[in-house]
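Okay, so here's the structure we're looking at.
The values are calculated or read from the model by the stated rules, or taken from the named source; none is laboratory data. Given the structure is predicted, the values throughout are model-derived calculations rather than measurements. We place every Cβ from the backbone using ideal geometry, glycine too, and count neighbours over all the protein chains shown. In case anyone asks, the SASA skips ligands and DNA or RNA and just uses the protein heavy atoms, side chains included. Shrake-Rupley method; radii C 1.70, N 1.55, O 1.52, S 1.80 Å.
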Amino acid sequence: FPSPCHPAAPPEHMKEPLAYMRKAQGSWEKRILKSLNSMCTELNIPLAQKRPLNEQKELLNKWNEMGTDEPDLSLFRPVYAPKDFLEVLMNLRNPNYENGEQPSFRNHLGLIQVPLKVKDIPELKEDFSELGLNIGQLGIDDSAQVPPEFFENEHVHVGQKVLAEQDSAAAQQYVRQGCPTALRADLWALILNISNQPEDILYYEQLKSNVIQHDLLVDSLIYKDVKLTASNDDYYFVFEDYLYQVLLCFSRDTSVLEHFTYSSATPPKSYIQGKLGIEEYAVFYPPNGVIPFHGFSMYVAPLCFLYHEPSKLYQIFREMYVRFFFRLHSISSHPSGIVSLCLLFETLLQTHLPQLFYHLREIGAQPLRISFKWMVRAFSGYLATDQLLLLWDRILGYNSLEILAVLAAAVFAFRAVNLMEVTSLAAAEAVLADLSTLKVMPLLQIFLFATVT
C-alpha cells in the first residue's frame, strides 16, 4: 500500500511528491503516445475496431494455439525499448539542485544525476538480514555446517505448515529464504491473495470475450513483442500461447487502472473520432492504461512455469504488475522505482568497486548502460529460470525491487577481473552477455555480507 500522506496533500502528490519527476513522467508519456499515434497514421489502422463475425469465430477456435498464427507484423515496431527509456532518465535533473560544473566530492559519476536517498551496504544488510551467511537459503549448495538436504527438508515442512494455516504474512516472511519448487505456486498465490474463485474465472472469461470481439492496435504490439522476445528464448518459447492469452486479456482489464492512484504514471486517453478534447467522449486506451514496450511479455513468461490454468496465471501476473512491475517503467522517486534502482546500482559500484567503475566510465562503457535492461525486465530472460524464480521469491518476500539493483552490482563484482581488461563498451557487453550460468543467492550473499565496508 502507498505510505500515508498529509491529509491536505493533493492527489498528484500522493502519486509522486516531486514536481520535476511528475513533469518528466508527463513528457515521457506524451512521447509514447506520439509514437503510437504516428504508427496509427502511417499504417492507417484504427486504435480499436470491432472484429467481423467470421474473424471472431476463427480467433475463438484457435484461442489455445495462437502461436501458429503468423500475422504480418513487419510494419509494426515496439513503441519504445529500454534504451530509449534510459536516455530519458539520464536527462533527469532537479531544478532546485545546484550542480555546478566544478567537480566536488558530492559528484555522482554515474549516468543518473538526481539527488535521491538510496541505501548503503550497512542499511541493505539490515534490510536483507535473512540473506545472511549464517542463515539457511534455498539456492545455495555448499553450506558446510548443515547438509543442504537437512535444511531443505525442514524448510519444506515449515512451508507446508504455512500453507495449511493460509497465513499470507507468514508466507511472505517464509519466502525470504527461498521457496521449495513444489510449494512456490501456492505460496506466491497466498502472498498475492489470489484464490481463483468462480467469479475470478468468470471475470477472466469476460476479458477473453472482449478480446474476441474487439481488435486493438496494441494487440499487434503484443504479438510483435512475444515474437521478438519469448519466442526466441530457450526457456519460454513453449509458452507462446499462454503469453498471448494473458497479455491480450490484460490489455482489456479496466481493474488495472486502479494502480494509477499510486503510480506516478497517468493512463493515456483516446477520443472518439471528431470529438478531440471533449472529456465525455474520452476513453482510456488501451482499456488497462498500459502501453506495452519491447520486453513487456517477459514479465509474464516465468510465471508460466508455475501456473498452468490461464485464469490463475492471469491473476498472478496482474497482481505482480500492479504491486511491482509498473515501477520498472515509470519515472518516480519511489525507493523501488527504476530511477532509485539505477542510482542504487551506480552508488554501490562507485563505492565498492571504484576502480572498476572509473575504468568502465573512462572507456565509454558506463555500467548502467549494460545493467539497465536487466533491471527493467527484473532479470527475466537473462537468468536461468530456476535462479530467476529464487530472485522473485525475494522480491515478494521483501516487498521491494531493491534486490534487483543489488544483484546487478553483484554481477559486476563477480566479473570484475575480466571487466578491468576490456577497452570498449562492446567488449564489456560481451563479458556480461550470458548470465544464464550465474547462481543468484551466492552472488547476493557474497556481495552484501562478504564485502569489506
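Take the alpha-carbon centre of region 393-424, take the same for region 16-50, and report the distance between them in whole Å.
Each part reduced to its Cα centre gives a spacing of 32 Å.
With only Lys, Arg, Asp and Glu charged, each at its Cβ (+1 for the first two, -1 for the last two), find how big the charge dipole of region 300-453 is about the Cα centre; round to the nearest 20 debye. Write out the running numbers ahead of the final one.
Working: 11 positive and 10 negative charges, 55 e Å.
Roughly 260 debye, rounded to the nearest 20.
Give the residue from Val88, Cys342, Ile316 lying farthest towards the positive end of the charge dipole for the chain; charges sit on Cβ (+1 for Lys and Arg, -1 for Asp and Glu) and the dipole is referred to the Cα centre.
Val88
Could you state how much accessible area His259 has, in square angstrom rounded to the nearest 10, with a 1.4 Å probe and all protein chains kept in place?
10 Å²
How long is the gain from Ser129 to Lys30 if the chain were fully straight, where each residue apart is worth 0.36 nm and the alpha carbon distance is subtracted?
Values: separation 99, 0.36 × 99 = 35.64 nm, distance 4.16 nm.
Separation in residues times 0.36 nm, less the Cα-Cα distance, equals 31.5 nm.
Does region 278-405 come out rounded, prolate or oblate by the C-alpha gyration tensor, with a ≥ b ≥ c the root eigenvalues, rounded set by a/c under 1.5 and, if not, prolate when a/b is larger than b/c and oblate if not? Could you put the intermediate results ahead of the total?
On the way: a/c = 2.31, a/b = 1.47, b/c = 1.57.
Since a/c reaches 1.5 but b/c is at least a/b, the shape of region 278-405 is classed as oblate.
Give the peptides 364-371, 71-78 in descending order of average Cβ contacts within 10 Å, highest first. Before the final figure, lay out each step's value.
Numbers: 364-371: 19.9, 71-78: 12.8.
Per-residue mean Cβ counts within 10 Å order the peptides as 364-371, 71-78.
Pulled fully out, how much extra length does the chain show between Gln166 and Asn418, if you take 0.36 nm times their separation in residues and subtract their Cα-Cα distance?
Working: separation 252, 0.36 × 252 = 90.72 nm, distance 4.74 nm.
Extending this stretch completely gives an extra 86.0 nm.
Work from the charge dipole of the chain (Cβ charges, +1 for Lys and Arg, -1 for Asp and Glu, about the Cα centre) and give the residue of Ser270, Ala426, His329 farthest towards its positive end.
Comparing the listed Cα positions along the dipole, Ser270 ranks first.
Top to bottom by accessible area (1.4 Å), largest first, where do Val431, Val218 land?
From most accessible down to least: Val431, Val218.
Once you order the gyration tensor axes a ≥ b ≥ c over the Cα atoms, which shape class does the chain get: rounded for a/c under 1.5, otherwise prolate or oblate by comparing a/b with b/c? Spell out each step's value before the answer.
Values: a/c = 1.62, a/b = 1.21, b/c = 1.34.
Here the chain falls in the oblate category.
Looking only at GluC sites (Glu not before Pro) in DSSP loops with at most 14 other Cβ atoms within 10 Å, what is the longest site-free stretch of the chain? Intermediate values should be presented prior to the final figure.
Details: sites that count: Glu98, Glu101, Glu421.
The reported range is 102-420.
Could you sort the peptides 383-390, 206-213 by per-residue average Cβ neighbour count (10 Å cutoff), highest mean leading?
On the way: 383-390: 20.2, 206-213: 17.2.
Packing order, densest peptide first, comes out as 383-390, 206-213.
Under 8 Å for C-alpha pairs, at least 6 residues apart: give me the relative contact order for the chain, rounded to a whole percent. Don't skip to the answer; put the middle values down first.
Working: 555 pairs, mean separation 101.0, N = 453.
So the answer I get is 22 percent.
Enumerate the aspartates and glutamates that Lys269 could reach by cross-link, defined here as Cα to Cα under 18 Å, with residues fewer than 8 away along the same chain left out.
In chain and number order, the partners are Glu12, Glu29, Asp215, Asp219, Asp253, Glu258, Glu279, Glu280.
Any chance you could run the full-extension gain for Glu205 through Leu43? It's 0.36 nm times the residue separation minus the Cα-Cα distance, nm to one decimal. Walk me through the numbers before you get to the answer.
Working: separation 162, 0.36 × 162 = 58.32 nm, distance 3.10 nm.
Full extension from Glu205 to Leu43 adds 55.2 nm.
First measure r as the distance between the Cβ atoms of Thr266 and Asp386, then evaluate 1/(1 + (r/R0)^6) with R0 = 51 Å and state the FRET efficiency to the nearest 0.05.
Values: r = 38 Å, r/R0 = 0.74.
In this case the efficiency is close to 0.85.
Placing unit charges on C-beta atoms (Lys and Arg positive, Asp and Glu negative, everything else neutral), compute the dipole magnitude of region 163-290 about its Cα centre in debye, rounded to 20. Before the final figure, lay out each step's value.
Working: 8 positive and 17 negative charges, 68 e Å.
My answer is approximately 320 debye.
Quick one: with all protein chains in place, what share of the accessible area of the chain is carbon or sulfur, to the nearest percent (1.4 Å probe)? Don't skip to the end; give the middle numbers.
Details: 11530 of 21250 Å².
So the carbon and sulfur contribution to the accessible surface is 54 percent.
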